[in-house]
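So the structure is just underneath, and the comments pick up after that.
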Amino acid sequence: MINSKLPNVGTTIFTRMSQLAMETGALNLSQGFPDFDGPQALCDAVGRHIAAGHNQYSPMTGLPALREQVAAKIQRCYGRAVSADSEITITPGATQAIFCAIQTLIRPGDEVIVFDPCYDSYEPAVELAGGRCVHVPLGQPDFSIDWQRLSDALSPKTRLIILNSPHNPSGALISRTELDHLATLIRDRDIYLVSDEVYEHLVFDGAQHVSVVSHEELYQRAFVVSSFGKTYHVTGWKTGYVVAPAALSAELRKVHQYVSFCGVTPLQWALADFMVEHPEHVEQLPAFYQAKRDLFCDLLADSRFSFTRAAGTFFQLADYSAIRDDLDDVAMSEWLTREHGVATIPVSVFYQQAPKDLRLVRFCFAKREETLRQAAEKLCAI
């Protein structure tokens with residue numbers, strides 16, 4: 001029998017809940033993907049580039065035209081001039097970018113601080129590199145950084161802190177003041193950052209995403225990760241990128257070239273074309289997804305769920321205490337799926353040790369209006 005390198009890892013909750021939704025015929029508001037397609041012009045461009053013969057390896061660092069468009073977007077959105085050649089690397093998905101960044105930095109015995117609740121790919125990547133995650137719970141109920149807990153968690157072994165804003169699963173945002181505080185805290189330490197910003201353009205109510213790219217001091221020690229899949233409604237394309245100073249990018253590329261070497265070529269060509277022709281897409285995203293959030297929340301107003309509208313991402317947390325306080329959130333998610341036809345994600349799976357009184361589930365509202373109305377009708381009937 002093989003001695004597993006990840007003995008505590010099984011099938012993810014996202015896969016399990018999506019499978020349960022398929023088995024029961026439930027509406028799938030669990031796994032984070034749209035039930036609508038990406039822009040037609042973007043999809044058409046893929047076929048055009050396949051027909052044009054753009055089907056062989058792209059450069060290891062990514063198609064130059066796409067890296068140039070990413071650099072232009074960063075300049076436009078965050079006011080930083082980055083080198084398309086030496087600071088931007090295109091990857092087959094943001095998860096792969098995060099994995100490569102962690103493998104670049106972490107050696108046996110290193111500690112990595114993650115904020116609970118946190119995305120489930122972080123810890124396995126750290127363990128495979130020989131490191132250990134130190135879990136720092138976010139404050140409740142607003143999921144803000146608890147600075148005393150973070151300070152207490154720092155040690156001589158701390159090598160990396162993983163940030164996530166807009167935050168999955170809560171939708172919370174990190175402010176400029178918080179980034180300044182973090183810079184002060186780690187200024188004299190040999191600590192790096194991975195900033196998971198895949199929902200960077202999904203920020204609501206007039207707020208602005210504060211990227212680590214825009215923070216002069218923190219960027220010098222950071223890998224900043226984003227996702228074309230999230231931004232362009234094509235999660236199955238598994239195409240993302242990582243931005244980092246030239247020296248850090250050079251080290252990351254040493255790992256990346258032996259994980260996948262490069263991303264899918266015709267998809268990169270299509271994305272580059274679409275970014276040139278439709279720069280307004282990212283500017284329209286906040287209103288596009290806020291309308292979906294507001295529709296879903298308005299429809300749930302008469303339900304027995306309680307919630308605060310998400311500040312970002314395409315996820316909405318809801319407290320179900322008034323409905324079934326006797327069920328933990330995993331059992332509640334299965335009950336909602338089997339008995340009421342709506343699949344969701346329990347928030348406890350994002351924790352190393354969830355609060356005992358946690359009664360939160362996560363709904364994905366990146367869905368067609370018809371789907372959201374049908375789901376809300378079922379949920380309000382409980």
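The values are calculated or read from the model by the stated rules, or taken from the named source; none is laboratory data. Computed from a prediction, not measured in an experiment: that's the story for all the values here. Counting neighbours? That spans all protein chains shown, and the Cβs are built from the backbone with ideal geometry, glycine included.
The table that follows gives values for the structure above.
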quantity	calculated
Options 318, 291, 270; residue that is modelled with pLDDT of 95 or more, surrounded by 20 or more Cβ atoms within 10 Å (Cβ to Cβ) and under 22 Å from the mean Cα position of the chain (by Cα)	318
Residues (in a loop (DSSP other than H, G, I, E, B) and among the hydroxyl-bearing types (Ser, Thr, Tyr)) located in region 175-195	175
Within region 1-49, tally of residues that are among the aliphatic types (A, V, I, L, M), farther than 26 Å from residue 351 by Cβ and part of a loop (DSSP other than H, G, I, E, B)	2
Any hit, region 201-218, residues being in a helix (DSSP H, G or I) and either in contact with a Pro (Cβ under 7 Å, 6 or more places away or on another chain) or small (Gly, Ala, Ser) (or both)	yes
Residues being in contact with a strand residue (DSSP E or B) (Cβ under 6 Å, 6 or more places away or on another chain) and either small (Gly, Ala, Ser) or surrounded by fewer than 12 Cβ atoms within 10 Å (Cβ to Cβ) (or both) - total across region 19-28	2
So residue 40, is it among the polar types (S, T, N, Q), closer than 24 Å to residue 235 by Cβ and either touching a Cys at 6+ places or on another chain (Cβ under 6 Å) or without any contact (Cβ under 8 Å) to a residue 40 or more places away in the chain (or both)	yes
Test set (1) in the same structural domain as residue 332 (by TED's automatic domain parsing); (2) touching a residue at least 40 places away in the same chain (Cβ under 8 Å) - residue 79 fails condition number	(1)
Matching residues, region 185-227, being closer than 21 Å to residue 152 by Cα, of a type in the set (A, V, I, L, M, F, W, C) and touching a residue at least 60 places away in the same chain (Cβ under 8 Å)	194
Residues of region 160-216 classified as surrounded by 15 or more Cβ atoms within 10 Å (Cβ to Cβ) and either charged (D, E, K, R) or at positive phi (or both), total	5
Among (1) in contact with a Leu (Cβ under 7 Å, 6 or more places away or on another chain); (2) assigned by TED's automatic domain parsing to the domain that holds residue 195; (3) not in a helix (DSSP H, G or I), the one test that residue 303 misses	(2)
Single condition residue 334 does not satisfy, out of (1) more than 18 Å from the chain's Cα centre (by Cα); (2) touching a residue at least 60 places away in the same chain (Cβ under 8 Å); (3) under 25 Å from residue 133 (Cβ atoms)	(3)
Given (1) without any contact (Cβ under 8 Å) to a residue 40 or more places away in the chain; (2) farther than 20 Å from residue 120 by Cβ, index of the condition residue 69 fails	(1)
Long-range neighbours under 6 Å by Cβ, at least six apart or interchain, first residue in the same structural domain as residue 301 (by TED's automatic domain parsing) and closer than 17 Å to residue 140 by Cβ within region 315-329, second among the charged types (D, E, K, R) and in a loop (DSSP other than H, G, I, E, B)	319/359; 320/359; 321/359
Per-region count, region 1-20, residues assigned by TED's automatic domain parsing to the domain that holds residue 332 and over 22 Å from the mean Cα position of the chain (by Cα)	1
Single residue of region 355-381 satisfying the filter (free of Cβ contacts under 8 Å to residues at least 40 places away in the same chain and under 26 Å from residue 112 (Cβ atoms)) that is nearest to the chain's Cα centre (by Cα)	358
In region 60-116, residue farthest from the chain's Cα centre (by Cα) [restricted to those that are of a type in the set (Lys, Arg) and part of a loop (DSSP other than H, G, I, E, B)]	107
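Residues are listed down the side, and each one gets a yes or a no for (1) outside any helix (DSSP H, G or I); (2) free of Cβ contacts under 8 Å to residues at least 12 places away in the same chain; (3) aromatic (Phe, Trp, Tyr):
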{"residue": "229", "(1), (2), (3)": "no, no, no"}
{"residue": "236", "(1), (2), (3)": "no, no, no"}
{"residue": "247", "(1), (2), (3)": "no, yes, no"}
{"residue": "263", "(1), (2), (3)": "yes, no, no"}
